[in-house]
């Protein structure tokens, strides 16, 4: 079992100090510390399963023909042994489907990073207004980003398209202002 | 397989910068979200987001440690308020007086917000394979609230704790682990804690106390020689305070003494700032044409007497009070630390 250590001095803390729901003093550095322990701490890591060897009349694993199949993949339907069965988000998947899902962004829970195109477009539309000459270049880029990435996945925790809408509106207004200005200057000559 | 629609997150309280190192620019802000079967830690820099998931079934422990960051900020803000309040009281020029009132009001607002948010903390989440900091949980109150929100969800996923696991298992395992592996030495930031008897601290606080006494005398009887000696002392304790701060890292210097040393550094910075204000005021009101070199400026400064203006009198009084308080407190605490260390290192006893 792992031991829980003080996060300041890294001294192991005795189990008597766990789940006290209040701050206790670290025996070594006297830092006030609170430790909330959950059942998983006592259970530890579960050992991985091994695929059982195939008998005569049993179905075999798609990836390991000598192993007994225990479950089909929820996505492709291939038979899987205990070793190949990846349980993720309440579903049983084979490693290939897992990899494909990750690459194509189908499994949201495997996403580790996302570019916020809506924020980028909005900032590109707003900040250059401080030195407005820049908007001649940035407004079309902001508009392009907003339109091109309208359907791209944005933040996992933010769902509205309001930033895209504001970016498009602002960039549109800037382009309109520049067009009007240029037409006015040309027509005056 | 597309479970995009199924995932819904609820924002958990707290938001904080992820710091990498002692002094670093917080480039990303971290927040926590509650998902169906996991907690999502989102690090956002405004252009992209990084995600880290902690599944309820994997979370082993949440470790919260109270820090002094909030208290340190309160002290710094308090000193700033005192400084600008004093400026507002003693400066004669009306626009400058209004400016100081606005500044002290602004810092008072920051101080109230800091006090209202409560004590600060550092929170770590532990799974079987990692221990990760949760920067969004940087206040004790918020951390407590989030832990109470997470607890039912985690216990639903992991089941309840069996009494035999809680009472017997960990203690037995702990004792067994202790029997097979020697106990680890306490460490600070990955290094073993070393003993420091606080000699540098003692020198710094002695100089500080001496300077406090000298400044107190200067308040009543001002001479250029004594001001010169005082400025040499100021320079000496400024250097010593910095050396003491470096030396106390990873040492067994107690928390109170560390706090006094940090407060002394704050005071050093503030006194330099106040000296700068006094110098600028003297430059403006004096004869700028006569001050050409740095040496001219210094000569002008040491001839500035507390009796010359209310601002200088206020600065001297504040400086003397702070020096005396910090110096005396520090010396008492160093003495106690040395005494504790000496008694603990006698045969048959262990210090630390």
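Below are the figures for this structure:
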{"quantity": "Selected residue [outside the structural domain of residue A:3 (by TED's automatic domain parsing) and farther than 29 Å from residue B:130 by Cβ] from A:65, A:95", "calculated": "A:65"}
{"quantity": "Residues within the stretch A:1-31 that are out of contact with any helix residue (DSSP H, G or I) (no Cβ under 9 Å at 6 or more places or on another chain) and within 7 Å of chain B (Cβ to nearest Cβ), tallied", "calculated": "6"}
{"quantity": "Residues that are in the same structural domain as residue A:86 (by TED's automatic domain parsing) and closer than 18 Å to residue B:144 by Cβ, drawn from the stretch A:6-57", "calculated": "none"}
{"quantity": "Residue within the stretch B:44-52 that is in the same structural domain as residue B:157 (by TED's automatic domain parsing), under 20 Å from residue B:139 (Cβ atoms) and crowded, with 17+ Cβ neighbours inside 10 Å present", "calculated": "yes"}
{"quantity": "Which numbered condition residue A:114 fails, given (1) buried (at least 17 other Cβ atoms within 10 Å of the Cβ); (2) under 18 Å from the mean Cα position of the chain (by Cα); (3) not in a strand (DSSP E or B)", "calculated": "(3)"}
{"quantity": "Residue among A:80, A:93 that is at the interface with chain B (Cβ under 10 Å from one of its Cβ atoms), over 25 Å from residue A:151 (Cβ atoms), without any contact (Cβ under 8 Å) to a residue 60 or more places away in the chain and buried (at least 19 other Cβ atoms within 10 Å of the Cβ)", "calculated": "A:93"}
{"quantity": "In the stretch B:123-143, the residues that are surrounded by 21 or more Cβ atoms within 10 Å (Cβ to Cβ) and within 11 Å of chain A (Cβ to nearest Cβ)", "calculated": "B:123, B:125, B:126, B:140, B:143"}
{"quantity": "Any chance residue B:134 is at negative phi and modelled with pLDDT of 95 or more", "calculated": "no"}
{"quantity": "Subset of the stretch A:32-74 [closer than 30 Å to residue B:337 by Cα and in contact with a helix residue (DSSP H, G or I) (Cβ under 7 Å, 6 or more places away or on another chain)]", "calculated": "A:35"}
{"quantity": "Any pair with Cβ under 6 angstrom, 6 or more apart, that starts in the stretch A:34-50 at a residue that is under 21 Å from residue A:19 (Cα atoms) and more than 7 Å from chain B (Cβ to nearest Cβ) and ends at one that is modelled with pLDDT of 90 or more and buried (at least 23 other Cβ atoms within 10 Å of the Cβ)", "calculated": "none"}
{"quantity": "The stretch B:81-111, residues that are surrounded by 19 or more Cβ atoms within 10 Å (Cβ to Cβ), in contact (Cβ under 8 Å) with a residue 60 or more places away in the chain and either in the same structural domain as residue B:41 (by TED's automatic domain parsing) or closer than 28 Å to residue B:255 by Cα (or both)", "calculated": "B:83"}
{"quantity": "Number of positions in the stretch A:102-126 that are in contact with a helix residue (DSSP H, G or I) (Cβ under 9 Å, 6 or more places away or on another chain) and either under 21 Å from residue A:160 (Cβ atoms) or touching a residue at least 60 places away in the same chain (Cβ under 8 Å) (or both)", "calculated": "12"}
{"quantity": "Subset of the stretch A:153-176 that is assigned to a helix (DSSP H, G or I) and out of contact with any helix residue (DSSP H, G or I) (no Cβ under 7 Å at 6 or more places or on another chain) - its residue that is farthest from the other protein chains (Cβ to nearest Cβ)", "calculated": "A:176"}
{"quantity": "Filter result for residue B:101 (in contact with a helix residue (DSSP H, G or I) (Cβ under 7 Å, 6 or more places away or on another chain) and more than 30 Å from residue B:307 (Cβ to Cβ))", "calculated": "no"}
{"quantity": "Residue A:40 vs. criteria crowded, with 19+ Cβ neighbours inside 10 Å, within 30 Å of residue A:164 (Cβ to Cβ) and modelled with pLDDT of 85 or more", "calculated": "no"}
{"quantity": "Pairs with Cβ under 7 Å, 6+ apart, first in the stretch B:45-71 and more than 7 Å from chain A (Cβ to nearest Cβ) and more than 27 Å from residue B:156 (Cβ to Cβ), second in a strand (DSSP E or B) and modelled with pLDDT of 90 or more", "calculated": "B:67/B:120; B:67/B:121; B:67/B:122; B:69/B:120; B:70/B:120"}
{"quantity": "Test: residue in the stretch B:170-184 that is within 8 Å of another protein chain (Cβ to nearest Cβ), surrounded by fewer than 16 Cβ atoms within 10 Å (Cβ to Cβ), assigned to a loop (DSSP other than H, G, I, E, B) and at pLDDT below 95", "calculated": "yes"}
{"quantity": "All positions within the stretch B:197-244 that are surrounded by fewer than 18 Cβ atoms within 10 Å (Cβ to Cβ) and more than 27 Å from residue B:302 (Cβ to Cβ)", "calculated": "B:197, B:199"}
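The values are calculated or read from the model by the stated rules, or taken from the named source; none is laboratory data. All values derive from a computational prediction rather than experimental measurement. Please note: Cβ atoms are built from the backbone with ideal geometry, for glycine as well, and neighbour counts cover all protein chains shown.
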